[in-house]
Amino acid sequence: MKNFKKLMNIVAKIEETILVATTVLILVLTAGNVFSRKVIHQSWSFTEELVVAVFVLITLLAAALAARKGELINLTLITDKLSGSMKKIFLAVNTLLCVTFSAVLFYYGFEKVITQMANGKRTFVLNWPEWIFWAFVPVGAACMILHFVEYFLDEMNKKEEVEK
């Protein structure tokens with residue numbers, strides 16, 4: 001368990017670094033495009049492709065980091081009134097559903113990447129392979145799965161410590 005937590009801390013640091021870098025990238029590209037359109041009267045047409053694709057990555061990685069801390073939107077109206085063992089059952093069911101959703105997202109995202117690679121489709125403006133951008137979906141889904149499991153294990157261990 002200790003090694004798993006160390007590994008997850010490393011994964012989280014990598015995710016945080018990617019989030020910071022991609023957010024700065026989006027900010028620079030968007031501000032630069034606005035400046036270019038208003039001052040130079042030239043639009044950077046490639047920015048839309050990059051910003052939309054990177055926004056998918058940011059959304060999924062941010063959701064994964066939120067899942068790590070149990071901060072995804074959650075309705076606790078019922079679970080707040082339950083005993084410790086019933087809360088564990090609800091947490092297990094919730095984790096199972098979240099991991100299942102993320103696994104489906106991973107599967108179909110990965111399938112789309114394989115299809116895009118086979119088709120050789122390229123983006124309209126940058127002419128980059130589309131699979132590069134679609135790869136953000138399975139990567140984000142895999143991170144979500146890892147963090148859902150991590151949160152589940154953390155909560156189960158925390159509850160056992162409190163009950164002792």
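Quick note: the coordinates plus some simple rules give every number you see, no bench work behind them. All values reported here derive from a predicted model rather than from experimental measurement.
Going by amide H atoms built from the backbone, whose H comes under 5 Å of the H on ARG122, apart from near neighbours?
Residues meeting the amide H criterion: GLU130.
Any chance you could give the angle, 0 to 90 degrees and rounded to 10, that helix 136-163 forms with the longest Cα principal axis of the chain?
The angle comes out at about 20 degrees.
Seen from all sides and averaged, what is the projected area of the convex hull of the Cα atoms in the stretch 38-135, in nm²?
Projected area, direction-averaged: 9.4 nm².
Kindly provide the pair-distance distribution of the chain built from C-alpha pairs, with 10 Å bins from 0 and whole-percent values in order of increasing distance.
Result, from short to long distances: 10, 29, 29, 19, 10, 4, 0 percent.
My understanding is that a pair violates if its Cα-Cα distance is over 18 Å; which of LYS5/LYS158; LYS6/LYS69; LYS5/LYS81; LYS6/LYS88; LYS6/LYS87; LYS88/LYS158 do that in this structure?
LYS5/LYS81; LYS6/LYS88; LYS6/LYS87
Karplus couplings for the stretch 91-96 from phi (6.51 cos²θ - 1.76 cosθ + 1.60, θ = phi - 60°), rounded to Hz, Gly and Pro as x?
With coefficients 6.51, -1.76 and 1.60, one gets 5, 5, 5, 4, 5, 4 Hz.
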